[in-house]
Amino acid sequence: CSASTNKPVLTLFTKKPCPLCDEAKEVLEPYKRRFILQEVDITLPENSAWYGKYKYDIPVFHLNGKFLMKHRVDIQKFEDQLGKLELQN
């Protein structure tokens, strides 16, 4: 079954330490079977463009490459967007 490869990718732009990021991951824990979490450390040299963009806003989330939310998890928005993507697959 190729369903697993069709899972939406949730990208978390983060850095260490990031208590808000840890909090956000806890909030998303019940949904983790429905998406693939990809973490991007904005302090790494190869991510300097993201650092410039998001250094004051982490955690920032993109869903399938599109900006979704920042600072805190908006669970309603997340559920809506995740549901839409799941319907498309």
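Projecting the Cα atoms of TYR31, ALA49, PRO19 onto the dipole axis of segment 1-50, where Lys and Arg carry +1 and Asp and Glu carry -1 at the beta carbon, places TYR31 farthest toward the positive end. What percentage of all Cα-Cα pairs in the chain are separated by more than 20 Å? Every Cα pair in the chain considered, those over 20 Å come to 32 percent. Here the accessible area is traced with a 1.4 Å probe on the protein chains. For the chain, carbon and sulfur cover 53 percent of it. Full extension of the segment from ASN89 to LYS53, taken as 0.36 nm per residue of separation minus the current Cα-Cα distance, would add 9.9 nm. Subtracting the Cα-Cα distance of LYS16 and GLU46 from their residue separation scaled by 0.36 nm leaves 9.2 nm. Per residue, segment 9-88 exposes 64 Å² of accessible surface when a 1.4 Å probe is rolled over the protein heavy atoms with every protein chain present. Remark: relative contact order (the chain) = 36 percent; criterion is Cα-Cα distance under 8 angstrom and separation of 6 or more residues.
The values are calculated or read from the model by the stated rules, or taken from the named source; none is laboratory data. Note that the structure is a prediction, hence the values are computed from the model and not measured. Ideal geometry is used to build each Cβ from the backbone, glycine not excepted, and the neighbour counts take in all protein chains shown. Surface areas here come from the heavy atoms of the whole protein model, side chains and all, with no ligands, DNA or RNA. Shrake-Rupley method; radii C 1.70, N 1.55, O 1.52, S 1.80 Å.
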